[in-house]
1. Among residues other than B:GLU187 whose Cβ falls under 15 Å from its Cβ, what is the net charge (Lys/Arg +1, Asp/Glu -1)?
2. Using each residue's phi in the stretch B:245-251, evaluate 6.51 cos²θ - 1.76 cosθ + 1.60 at θ = phi - 60° and report the 3J(HN,Hα) Karplus result to the nearest Hz, with x for Gly and Pro.
3. Using a loss threshold of 10 Å², tell me which positions in the stretch B:2-26 are less accessible in the complex than in their chain alone. Probe radius 1.4 Å, ligands and nucleic acids ignored.
4. Which of the trypsin sites (Lys or Arg not before Pro) found in the stretch B:281-386 are in a DSSP loop and have at most 10 neighbouring Cβ atoms, other than their own, within 10 Å?
5. Quick one: go through the stretch B:307-326 and flag any residue whose amide nitrogen is under 19 Å from the point 7 Å out along the Cα-to-Cβ line of B:PHE408.
6. Just counting partner chain Cβ atoms within 10 Å, what average do the residues of peptide A:43-55 show around their Cβ?
7. Where the only charges are on Cβ atoms (+1 Lys, Arg; -1 Asp, Glu), what is the dipole of chain B about its Cα centre, to the nearest 20 debye?
8. Using only protein heavy atoms and a 1.4 angstrom probe, determine the accessible area buried between B and A, summed over both sides, in Å² to the nearest 100.
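The values are calculated or read from the model by the stated rules, or taken from the named source; none is laboratory data. These figures come from a predicted structure and were not determined experimentally. Quick reminder, even Gly has a Cβ in these numbers, built from the backbone with ideal geometry, and neighbours come from all protein chains shown. These accessible areas exclude ligands, DNA and RNA; they are computed on the full protein's heavy atoms, side chains included. Shrake-Rupley method; radii C 1.70, N 1.55, O 1.52, S 1.80 Å.
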Amino acid sequence: MSKRIGSFAVNGKKRDTIIEPHMLLVDVIRDSLGLTGTKRACASGNCGACTVLADGQPVCSCLTLAVCSQDKALETVEGLRAADGTLHPLQQAFIEHCAAQCGYCTAGMLMTSKALLDANPRPSREDVKRALSGNICRCTGYVKIIDAVLDAAQKINAAREVAA
Amino acid sequence: MTMGKPLPHDSAPLHVTGQARYLDDLPLPAGTLHAAFGLSTCAHGTITAIDLSAVKAAPGVLKVYAAADFTEMPDCSPSTHDEPLLATGTVHYIGQPVFLVIADTHLNARKAARLGRITYADLPALLTVDDALKANSRFEQGPIIWTKGDATRAIATAPQIIEGTMEVGGQEHFYLEGQIAAALPQEDGVHIYSSTQHPTEIQHKVAHALHLPMSAVRVETRRMGGGFGGKESQGNALAIACAVAARDLNKPCKMRYDRDDDMMITGKRHDLRITYRAGIDANGRILGLDFTHLIRCGWAQDLSLAVADRAMLHADNCYHLPDIRIESHRLKTNTQSATAYRGFGGPQGIVGIERVIDHIAFALKKDPNAIRKLNYYRAAEPTGPGTGHRIGSTYSPKNHIPQTTPYFMEVEDFIGQDITDALEKSSNYAARRAEIAAWNSTNPILKRGIAFTPVKFGISFTLTWLNQAGALVHVYQDGSIHLNHGGTEMGQGLNQKVAQVAAQVFGVDTAQVKITATDTAKVPNTSATAASSGADMNGMAAQNACEIIRQRMADFLANKLGLPAAKIQFQNGEVRAGAETFPFAQVAAWAYQARIYLSSTGFYATPKITWDRVKGQGRPFLYFAYGAAITEVVIDTLTGENRILRTDILHDAGTSLNPALDIGQVEGAYVQGAGWLTTEELVWNAKGALSTHAPSTYKIPACSDRPPIFNVALWDKPNREDTVGKSKAVGEPPFNLGISAFLALSDAIAATGDGSRYPSLDAPATPERILMAVQAQRDV
C-alpha cells in the first residue's frame with residue numbers, strides 16, 4: 001500500500017498529512033490531525049458519534065475513506081465555534097439544556113444538527129427527530145437534545161431577523 | 001445556596017467543543033504499543049493445539065502471549081479468582097480471550113489477532129438456563145432461598161391462585177465509549193489510565209497481576225463515555241493486559257476494544273426466567289407468593305451473586321408480602337459473564353412482582369392500580385415539625401409496628417401511595433384509561449394500552465463494607481479550591497453535584513471548585529461508582545473534608561479578631577466575621593500565612609446498615625428511593641409495530657442536589673429501561689455465538705423511540721435519612737420506570753382478546769413477540 005500526502009480542508013484550514021489508501025477519515029481526523037473531538041464509537045456507521053460534515057452533508061467518518069475526502073470541505077466539532085471563540089447557538093443550547101451527559105455522542109449530534117439547521121432553518125420537532133435518527137445517545141433519552149436543537153434554531157432565526 | 005441549583009454538567013462547555021478528553025483522546029508518549037485479544041470461537045472446549053506463528057509473523061507485531069507464556073496467569077475477576085486473563089486449556093464461551101497480541105498500531109494488533117489457529121475438542125456447551133439446571137451447573141451450592149411467613153400454606157389456602165412464567169432478556173450496556181485502558185511503565189511501578197467505574201479494583205487487579213504492592217500502581221480516570229455498570233469490572237482485562245505488556249516491553253501500552261469485540265467479550269445484564277405462584281383473595285390482595293428466579297450468569301462468577309441477591313431484594317417492590325418465598329438459582333453457562341448493569345438485578349426483581357400485579361388485575365378484571373394500592377406498604381409515619389417525630393430518628397415513638405420487607409427490614413419511609421395519587425391525578429390516568437378502552441372498542445387494527453409502574457429501590461451496597469467514601473480537599477492561598485473524591489464521572493454529573501456540596505460549605509461559587517480526575521493516589525480504597533451511591537457517599541465525604549478546613553479557617557479568623565467562632569460565616573464568596581466581611585481568598589491567604597493547614601481528607605461510612613446475605617436478613621439499605629411512571633402505547637396488530645405515545649413520571653430525588661441533572665438521569669433511565677424490555681434483544685445462535693454484536697442488529701432506542709409527550713417531574717421532598725442535603729440517589733431507581741412501557745404493550749395486546757387469556761408477554765417485547773401474543777389472543 002502506497003503512502004502519499006493527503007490534503008484536507010478541515011474547518012477552513014488546509015491540512016496535509018501522510019495517508020494510506022485504506023485509512024478511514026475518522027482515524028485521519030483523530031490520529032493524524034489531532035482533532036479528537038470526533039469520536040469512534042461503533043466503527044460501523046450505526047451510531048453517528050463520528051459524524052462530520054463533508055461539503056455540508058453529515059457523513060459517518062468511520063465509513064468514509066480519507067483518500068476520498070480530499071476534495072471536500074470538512075467540518076468537525078472543533079470548527080463549530082466562531083473564530084473569536086463565541087459558541088455556535090447549537091453549542092450554547094446543548095449546554096443550557098443539559099443535552100450532553102457523558103458527552104461521547106455530542107460531537108456527532110451537533111454536526112448532524114448543524115447540517116439540518118443549515119438546510120432547514122425552521123425544523124419541526126419531527127424534522128429534528130428524523131435528522132437525528134442515525135445518532136445514538138445512550139444517556140439522555142433524547143429529550144434535551146431535541147429541545148436544544150429547536151431552541152438553537154429559534155435563536156439563530158431571531159438573530160437573523162434582527163440582522164435583517 | 002449552591003446545593004439545589006439546576007446547573008448544567010461541569011464538563012458541558014468541553015463536551016460541546018470537542019475538548020473534553022476521554023482516554024482515547026489523551027496524547028500518549030511516542031512508541032506507545034497497542035494490544036488486541038484473539039478470541040475463542042468455541043463455546044466450551046479443550047484447546048488441543050494453538051498455532052500463533054502467523055500472528056507472530058504479522059506486520060508490526062512485537063509480542064504475543066498465550067497461557068503458556070505465563071508462569072502464573074493473571075486473574076481478572078472482581079470476586080473469586082475464576083477469570084484467567086487468557087484461557088488456560090479450556091475455553092468457556094465464544095469471545096473469551098485466548099491470546100494477546102502487542103503491536104505497533106491498533107490496526108496491526110487487531111489484524112494479527114485474526115490469524116491465530118486454535119484447535120478445540122468440543123465439550124458440551126450449556127447455553128440456556130434449562131441446560132444449566134439440567135447439568136446442575138451453578139454458582140454457590142444450590143439455590144438461595146429466602147422465606148418470610150409461610151408462603152406454601154398461604155397459597156394453598158387462598159381462594160384463588162395466579163401463576164405464570166416470564167422470560168426476561170439481558171441488555172448490552174452500549175456505553176458509547178468502548179472499553180479502553182493504557183499503562184505507562186514507571187521507574188517503580190505502573191501508571192494506569194482506565195475507563196472504569198472502579199479505579200481501586202483496577203489498581204488491585206493490576207497489582208496482583210504484576211506482583212506489586214497496590215502502592216506501586218496508580219490508576220487515573222478523568223471521565224467515561226458512559227458506564228451503566230459495564231465498567232465496574234469489565235475493564236480489568238484491558239488494564240491487566242496493558243500493564244503486563246508495559247512491564248515486559250518497558251513501553252506504554254494501550255488497548256481499546258472495537259465495538260464488535262466489546263460486545264463479544266464483555267458481560268451484559270443478567271437475563272432470567274421468573275416463575276410465580278400467588279395466592280390471592282377475591283379483592284386481589286396477595287396472601288402468599290412464591291417466586292423462582294433462574295438467572296443466567298454466564299461462565300464466571302463476576303458480580304452475579306450480588307446481582308441475584310438484589311433481584312431477590314426487589315421482588316417485593318412496593319408491596320407488603322407477609323408470606324413469601326423466593327428461590328434464586330445462579331446458573332453457570334457457556335456465555336459471556338453477565339455483570340453489573342444499572343439497577344444491578346433490582347429491575348429483574350421488580351419486573352416480576354409488577355407482572356404478578358398485572359396478571360392478578362387481568363384475572364379479576366380490575367384496574368391494576370386498584371390491586372397495587374390494596375397491596376402497598378403502609379404509608380410512612382409523618383415526621384417533622386408538629387408531628388412529634390423527629391425526621392429520620394431511629395428512636396422516634398412509633399404509633400404502629402412498621403411493616404417489613406421479605407428480608408425483615410422495616411419500611412419506614414414508604415411514599416409510594418402519595419406519589420401514585422399525585423401522578424394519577426397529574427396524568428389524568430383514570431379518564432385516559434376509560435378513553436383508551438372506548439377507543440380500542442372501535443379500532444380493530446390499532447390498539448392502545450396504558451400502564452402504571454411504581455418503584456421502591458433500596459439504596460446502599462449490599463456488600464456492607466463498600467459503603468464508604470473518601471475525599472481530599474485543598475484550599476490554596478489564592479482561595480481556589482481543589483477537590484478530589486473517590487467517585488468517577490461517567491456522564492451522570494457527579495462532579496458537579498459534589499462541587500455544589502463543597503461550594504455550599506465554603507459559601508463560594510461552584511465554578512471556584514475544581515474537581516480533578518479520580519486518582520487512586522489521592523483517595524485510596526474507594527468503592528465502585530455504582531449502586532447509585534456516587535453523590536450520596538462522595539458528597540458526604542467531600543462535605544466532611546470541607547467542613548474540617550472551614551472550621552480551621554473560622555477558628556483562625558475568630559482568634560485573630562477576638563470573636564467567638566460561631567460569629568464567622570461563609571457565604572456569597574465572603575467570610576463574615578461579626579460586622580466585618582472579608583473576601584474568601586483574603587481569609588485563605590491570611591490563614592496560610594498564619595500556618596493553618598488548608599488541606600484535609602474527608603470520610604463517610606453509611607450508617608445504620610447491617611446485612612446477612614446468607615440468611616437474607618437485616619437492613620441492607622439506608623433508605624429507599626421511590627417513583628412512578630405511566631406509559632401509553634399503541635400497537636399495530638397486523639405487524640406488531642409499536643410506539644410509545646406518552647409517558648408521565650414523578651420521581652423521588654429527595655431534596656434534589658441538582659434538579660437539571662436529576663431530571664436528565666430520570667429521562668435517560670426511563671428510555672434505557674424501556675429499551676431493555678422492548679427493542680433490545682440479545683440473540684445467541686445454536687453454537688453459543690452472540691449474533692447481535694453491533695448496533696446494526698441490536699436495537700438501542702433512537703430519537704424517534706422517545707415518547708412524544710414526556711412529562712417528568714421530581715417529587716421534591718427531603719429524605720428522612722440524613723443524606724447529603726437530604727437528597728436521594730437517582731442513578732438506578734428510575735431505570736425501573738421503563739417497566740411501564742412493557743406493561744402498557746401487554747395491556748394493548750390484551751385489548752385484542754376477549755379477556756379470557758392473559759397475554760403472558762415475554763421481554764423484550766419486540767414486534768415479533770407482540771405479533772405472536774396478539775395471535776395467541778385471537779386463537780382463543
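1. On the way: positive: B:ARG218, B:ARG247, B:LYS251; negative: B:ASP188.
My count for the surroundings of B:GLU187 gives +2.
2. Along the stretch B:245-251, the couplings run 5, 4, 5, 5, 9, 6, 9 Hz.
3. For the stretch B:2-26, once contacts with the other chains are taken into account, B:PRO8, B:HIS9, B:ALA12, B:PRO13, B:HIS15, B:VAL16, B:THR17, B:GLY18, B:GLN19, B:TYR22, B:ASP24, B:ASP25 lose 10 Å² or more.
4. Numbers: sites: B:ARG285, B:ARG296, B:ARG310, B:ARG325, B:ARG330, B:LYS332, B:ARG342, B:ARG355, B:LYS365, B:LYS366, B:ARG372, B:LYS373, B:ARG378; in loops: B:ARG285, B:ARG342, B:LYS365, B:LYS366, B:ARG378.
Those that pass, being in a loop and sparsely packed, are B:LYS365.
5. Under cut-off, by backbone N: B:309-310, B:312-316, B:320-326.
6. On the way: counts 5, 6, 3, 7, 8, 3, 3, 0, 0, 0, 0, 0, 0.
That works out to 3 on average.
7. On the way: 72 positive and 77 negative charges, 117 e Å.
Here the size comes out at about 560 debye.
8. Values: alone 29010 and 8620 Å², together 33870 Å².
Using a 1.4 Å probe on protein heavy atoms, the buried area is about 3800 Å².
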